[in-house]
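Laboratory data are not the source of any read-out in this text; all were calculated from the coordinates shown. Note that the coordinates shown come from a computational prediction; the quantities given were computed from them, not determined experimentally. Note: ideal-geometry Cβ built from the backbone for every residue, glycine included; neighbour counts use all protein chains shown.
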Amino acid sequence: MKQIKIIVEKHSDGYVAYPIGIKGGIVGQGDTYEEALTDVKSAIRCYIDHYIPQSDPPLPPWETLPTMYDLPSDNPEEPGLPDDFHFLQPLLLYLTFQPINWNPELVYSAADLNLYYDIQHPLCYKRPDWFGVVGVGKLYKGQDLRLSYVTWQEPANPFVVIELLSPGTEDEDLGTRRESAADKPPSKWEVYERILRIPYYVVFSRYTNELRAFQLVGGHYEPMNLTNGYLLMPEINLSLGLWQGSFRDIERLWLRWFTLEGELIPAPTEEAVAATERAIIAEQEATEAKQQATEAKQQATEAKQQAAQAKRKAEQLAERLRQLGVNPDELDELL
């Protein structure tokens, strides 16, 4: 390895060390000579391990450094890839989850919130991408925003859970690993099916646009079939389906809630846009009706003027006939 010369300088507040011949502002600091030297050597090793050769002239960093595809927001301790989709998709589900047979004050849903499920192991939790509950207030005990959902302190377990598949979470989400090892916690599938007995479990992959759903039947999840493209949940008078459209100005295939009849449940912004469109249409119709009334009035005025003009001409003709010695009133008898 090439020998690297290191300069160590003493300052009033400690020591500073830096290498000679390496670009990039590598500096080590410490209260003692040895600490500064150790710090700069560590920085040099890190630089060498991650050094990316540059061309001449150097390429811009967006062409040489790792991209977002190389640096996803993953957590090695918790599989899954949080990203924009994992924010927007649960948001759309949250905004359109409106069971019409339930008081809105007793409908709750959450995304990426810890779900504590086992009273025997109170620290164990799962974190669904989205879940919905009915019969539960929006605030914990009517007072506080929830920090988590602790099932043994809530009046009801989730009614439906939705997981968004990410690379590395298929086994956990789809229950491929059905039997948990003795030293491992149960999978999400096992928790939702066996412990919490959640009636509906839905898994959606944005990579393949595949939608899979399961219903709890006899204590076990059974695959659900689509009805006219929708997953029906008659207990809450809702259905779940895929929708191609624009949400938050992003056009793609989204998962969202519908009525049992397949009618779109609008998000508040969509409802506001629809109301604005209805107001514009109503205003246009009112303007057209006003224009038609104005035209009808103009036609009536023109007809009245034409009648008056015809009457004047008839009177002038009658007067002319009298001047010629003809009584116009006797013309009808002669004819």
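Name the residues whose placed amide hydrogens come within less than 5 Å of the amide hydrogen of GLY30, ignoring near sequence neighbours (fewer than 5 apart) on the same chain.
TYR15, ALA36
Please list, ordered by chain and number, the residues whose modelled amide H lies under 5 Å from the amide H of ARG146; skip anything fewer than 5 residues away on the same chain.
The answer is TYR140.
Residues with amide H under 5 Å of GLY245's amide H, sequence separation 5 or more or different chain, H placed in the peptide plane at 1.01 Å from N; which?
Long-range HN contacts for GLY245: ARG252, TRP254.
From the phi angles alone, apply the Karplus equation (6.51, -1.76, 1.60; θ = phi - 60°) to segment 240-252 and give each ³J(HN,Hα) in whole Hz, x where the residue is Gly or Pro.
10, x, 8, 9, 8, x, 9, 10, 6, 6, 10, 8, 5
Which ³J(HN,Hα) values, rounded to whole Hz and listed in residue order, are derived for segment 188-198 from phi using the Karplus coefficients 6.51, -1.76 and 1.60 in 6.51 cos²θ - 1.76 cosθ + 1.60 with θ = phi - 60°, glycine and proline given as x?
Calculated HN-Hα couplings, in order: 4, 4, 5, 5, 5, 7, 8, 8, 8, 6, 6 Hz.
Explain nothing, just compute: Karplus ³J(HN,Hα) = 6.51 cos²θ - 1.76 cosθ + 1.60, θ = phi - 60°, for every residue of segment 33-47 in order, whole Hz, x for Gly and Pro.
Values, residue by residue: 4, 5, 5, 5, 5, 5, 5, 6, 5, 5, 5, 5, 4, 4, 5 Hz.
Sort 296-308, 246-258, 9-21 by the packing proxy (mean of other Cβ within 10 Å over each peptide's residues), most packed first.
Details: 296-308: 10.0, 246-258: 15.2, 9-21: 13.2.
Going by the mean number of other Cβ atoms within 10 Å, highest first, we get 246-258, 9-21, 296-308.
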